[in-house]
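> I'd like to ask some things about the structure below.
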Amino acid sequence: MDSLRLLTLLQSLLVLQVHFSKQLEDNQIPPSLCTGHPGIPGSPGGHGSPGQPGRDGRDGRDAAPGEKGEKGDRGDSGEAGVRGLTGDKGNPGEKGERGQPGECAVAPKSAFSAKLSQGLSLPLSVGDAVRFDTILLNEQADYNAETGRFTCKVPGVYYFAVHATVYRASLQFDLMKNGHTVASYFQFYGNWPKPASLSGGSLLHLVPGDQVWVQMALSEYNGFYSSTKTDSTFSGFLVYSDWKNSAVFA
């Protein structure tokens with residue numbers, strides 16, 4: 001009986017030995033047999049050497065063109081640049097052809113002066129023009145001594161003056177333009193022993209065809225007088241013209 005137990009024990013030990021030998025050969029020690037305290041952490045390993053550069057990848061395929069974008073806002077104007085240097089003087093050009101002769105720039109003129117002749121029979125009716133029949137100046141022939149009227153040819157501003165000698169009578173006359181009174185003059189006789197004078201003038205704007213003359217205002221006040229020592233005159237002249245067609249205004 002004892003021998004049988006001993007044999008059984010030996011067989012069990014042999015089985016254990018074979019089992020443990022198998023685990024030792026496979027490096028598979030059971031955790032229950034190798035359990036211990038954790039070891040001290042090891043030192044960090046050194047850095048490895050740099051790797052070789054990789055190869056370039058393949059080119060990608062071209063994509064389809066994108067749609068045209070909207071026009072952007074206009075940018076602000078830039079600052080003016082610095083002025084450049086003056087360039088070299090160019091060569092003289094060829095002489096041009098001679099132009100056509102131009103018109104002579106002559107300023108328009110108009111002036112006259114006339115007086116009463118001695119012994120002239122003056123008009124006695126109201127509305128009659130006084131005919132200053134003796135011409136002193138009338139180069140443009142704008143004054144008519146037969147009618148006593150000035151007719152405008154050059155448009156512009158004119159000055160007209162009347163100087164009357166009055167002797168032993170009263171006088172009233174009007175300066176007329178196209179049948180309308182523009183100025184009136186009057187002097188009453190005061191029993192003066194010598195001749196007196198009555199003068200007046202006015203500026204008028206005229207256009208071609210306008211007429212100006214001196215006209216009796218009252219038939220009983222017709223004291224125009226003329227002698228070897230004193231005269232009665234009617235004068236006028238152009239102050240300035242507004243005739244745009246004249247060469248001087250071209």
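The values are calculated or read from the model by the stated rules, or taken from the named source; none is laboratory data. Please read all numbers here as calculations on a predicted model, not as lab measurements. In this analysis, Cβ positions are derived from the backbone assuming ideal geometry, glycine residues included, and neighbour counts consider all displayed protein chains. The area values use the complete protein model at the heavy-atom level, side chains included, leaving out ligands, DNA and RNA. Shrake-Rupley method; radii C 1.70, N 1.55, O 1.52, S 1.80 Å.
> Collect the residues in the stretch 170-204 that are of a type in the set (A, V, I, L, M, F, W, C) and on the phi > 0 side of the Ramachandran plot, keeping them in residue-number order. Lay out the reasoning, then the answer.
To start, the set of residues in the stretch 170-204 that are of a type in the set (A, V, I, L, M, F, W, C) comprises 171, 173, 175-176, 182-183, 186, 188, 192, 196, 198, 203-204.
None; the set is empty.
> Which one is modelled with the lowest pLDDT among residues in the stretch 96-110 that are surrounded by 10 or more Cβ atoms within 10 Å (Cβ to Cβ), under 21 Å from A141 (Cβ atoms) and within 34 Å of the chain's Cα centre (by Cα)?
The residue in question is A107.
> Among the numbered criteria (1) touching a strand residue (DSSP E or B) at 6+ places or on another chain (Cβ under 6 Å); (2) without any contact (Cβ under 8 Å) to a residue 40 or more places away in the chain, which single criterion is violated by A161?
The single condition A161 does not satisfy is (2).
> Turning to a different aspect of this structure: Is it the case, given these coordinates, that S113 is surrounded by 14 or more Cβ atoms within 10 Å (Cβ to Cβ) and at pLDDT 90 or above?
Values: surrounded by 14 or more Cβ atoms within 10 Å (Cβ to Cβ): yes; at pLDDT 90 or above: yes.
Yes.
> Which of the strands (runs of 3 or more DSSP E) contained wholly in the stretch 133-250 include at least 2 residues that are open to solvent by less than 60 Å² (accessible area, probe 1.4 Å) and out of contact with any Leu (no Cβ under 7 Å at 6 or more places or on another chain)?
Details: elements: 134-137, 149-151, 156-177, 180-187, 196-206, 211-216, 222-225, 233-241.
Of the strands (runs of 3 or more DSSP E) lying wholly inside the stretch 133-250, those with at least 2 residues that are open to solvent by less than 60 Å² (accessible area, probe 1.4 Å) and out of contact with any Leu (no Cβ under 7 Å at 6 or more places or on another chain) span 149-151, 156-177, 196-206, 211-216, 233-241.
Condition check ((1) in contact (Cβ under 8 Å) with a residue 60 or more places away in the chain; (2) within 44 Å of the chain's Cα centre (by Cα); (3) closer than 13 Å to L238 by Cβ) across all residues:
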| site | (1), (2), (3) |
| --- | --- |
| T147 | yes, no, no |
| K153 | no, yes, yes |
| V182 | no, yes, no |
| S199 | no, no, no |
